[in-house]
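There's a structure below that I have some questions on.
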Amino acid sequence: AQGLFTYDPGFVSTAACESKITYIDGENGVLLHRGYPIEQLAESSDYLELCYLLVRGELPTEEQSNEYRQTVSQHTMVHDQMTHFFNGFRRDAHPMAIMCGVVGALSAFYHDKDFSDQEHRDIAMFRLVAKMPTVAAMCYKYTMGQPFVYPKNELNYAENFLHMMFSTPCGDYEINPVIAEAMDKIFMLHADHEQNASTSTVRLAGSTGANPFACMASGIAALWGPAHGGANEAVLTMLEEIGDIEHIDEFVAKAKDKEDPFRLMGFGHRVYKNFDPRAKVMRQTCDEVLEALGLENDPLLKIAKRLEQIALEDEYFIKRKLYPNVDFYSGIILRAIGIPVSMFTVIFAMSRTIGWFAHWNEMVSEDYRIGRPRQLYTGYTKRDYPTK
Ligand code: SDX
């Protein structure tokens, strides 16, 4: 159209930020946290040790680890007045809507801190790591119409979450160690992932000097979308919609149809153009959990495995380097554990909180300036208002 700005494509530059926390090599399917490969961390570490590593930059000594775990366990309860926030929601509210509201409200409980001081930033870290499982479980209990369950400090991090999710005043949930270990692995595999959409949202919000709890709420809002953290929920919905192996070809054809915006959930990635290394660990964990639960013949797992095989053999997917991503298997594990689909992204948000915090902390620990993305203006050039 006449008078529109044009621009030199050479002007386009990706405004990258510097970070020492996580490194991704998308072409080769590499993910390092402070230099350690995710596969080795998933094999030998656990979520709380990874929390320490992401923020502090080094693995903790045994003494540092014990002190960290002890501090987390002393802050797992939420202020009793927090429970009133839940009552404002309808019982059929999506748990992500509730979590977004309640985590944002934490900024009203810790507003008297000077977050330019690392000691106060540590206070925020411990409260977030300790309270996110409690808040997540409360979101579930509220939508179930069940009373909130208090944390039990003698349980480990993943066990405590499962206890708060599934115990009731009538009886405690019996913790299966295979399930607890799988839960911890899911937390680890979702902990951080460089400058993804939700982490970039947290960094941008934090660059204005906003309260860290409010910044975490902005990350939760961004993660909710089906193109991002909402994909695990969308994968399960898609597998249930496929329903049977015979219907797979029809869905694959839909995904290739350029007219139809349908995409195979759990496939593809903005950065990985190879197997997401987290998906490989998640697939192994999925096999272990379903075997432990006697569900190795789960029909959805069969559909998932057949879908994965097609994606790895089909020209359309190979050409576009569409591999299974972290969300492809996690939903099958969570469903097998008995966690409702509506809670999948809540668990992703709970796991990713440490990543959001680590990036926020890294940014505000140094001199930083307010983020201000620029645009490529393609509208009208200056024109005068028509004279009457
Ligand atoms: C997460 O950034 C992160 O790090 C995110 C995350 C994290 O840990 O924070 O890893 C978590 O968000 C994982 C992604 C979860 N989302 C999904 O599984 C939803 C389904 N995936 C797609 O929506 C998509 O793959 C995205 C959003 C993940 C990436 O979208 P892009 O960047 O547009 O994909 P692309 O540029 O690589 O697409 C190349 C081609 C395109 O076709 P053509 O125009 O070249 O013909 O592949 C097509 C796309 O249309 N395509 C798909 C597809 N994904 C891309 N076709 C069918 N099914 C798909 N899933």
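Under 19 Å from the 7 Å Cα→Cβ point of Lys113, by amide nitrogen: which residues of the range 63-78?
Within reach of a label on Lys113, which here means backbone N under 19 Å from a point 7 Å along Cα→Cβ, the range 63-78 contributes 67-78.
Determine, from the Cβ-Cβ distance of Glu154 and Arg383 and an R0 of 51 Å, the FRET efficiency 1/(1 + (r/R0)^6), rounded to the nearest 0.05.
The calculated FRET efficiency here is 0.10.
Strictly over 26 Å apart at the Cα level, which of Lys280/Lys319; Lys113/Lys141; Lys131/Lys305 would you flag in this model?
Lys113/Lys141; Lys131/Lys305
On each of the three principal axes of the Cα atoms of the chain, give max minus min coordinate, whole Å, ordered largest first.
For the chain, the Cα spread along each principal axis is 75, 59, 47 Å.
Same structure again: How big is the convex hull of the Cα atoms of the range 155-244, per residue, in Å³?
Considering the Cα atoms of the range 155-244, their hull volume per residue is 160 Å³.
Same structure, new question: Per-residue ellipticity at 222 nm for the chain, helices alone: DSSP H runs ≥ 4 residues times -39500 (n - 2.57), over residue total, nearest 500 deg cm²/dmol?
-17000 deg cm²/dmol
Using DSSP to call loops (not H, G, I, E or B), can you name the chymotrypsin sites (Phe, Trp or Tyr not before Pro) in the range 321-388 whose Cβ has at most 16 other Cβ atoms within 10 angstrom?
The qualifying sites are Tyr368, Tyr377.
Report, to the nearest whole %, how much of the accessible area of the chain belongs to carbon and sulfur atoms, 1.4 Å probe, protein only.
Here it works out to 51 percent.
Right, something else. Taking the Cα centre of the chain as origin and charging only Cβ (+1 Lys, Arg; -1 Asp, Glu), how large is the dipole, in debye to the nearest 20?
It comes to approximately 1680 debye.
If exposed GluC sites (Glu not before Pro) are those in a DSSP loop with at most 11 other Cβ within 10 Å, what is the longest stretch of the chain that has none?
260-365
Also: How much area per residue is accessible in the chain when the probe is 1.4 Å and only protein heavy atoms are counted (Å²)?
Heavy-atom SASA per residue in the chain reads 49 Å².
Now for a different question. Could you let me know the centre-to-centre spacing of the range 338-388 and the range 198-251, using Cα atoms, in angstrom?
14 Å
Grab the Cα-Cα distance for Arg306 and Val271, subtract it from 0.36 nm times how many residues apart they are, and report the gain in nm with one decimal.
In short, 10.2 nm is gained.
The values are calculated or read from the model by the stated rules, or taken from the named source; none is laboratory data. Computed from a predicted structure; not experimentally measured. Neighbour counts run over all protein chains shown; Cβ positions are idealised from the backbone, glycine included. The area values use the complete protein model at the heavy-atom level, side chains included, leaving out ligands, DNA and RNA. Shrake-Rupley method; radii C 1.70, N 1.55, O 1.52, S 1.80 Å.
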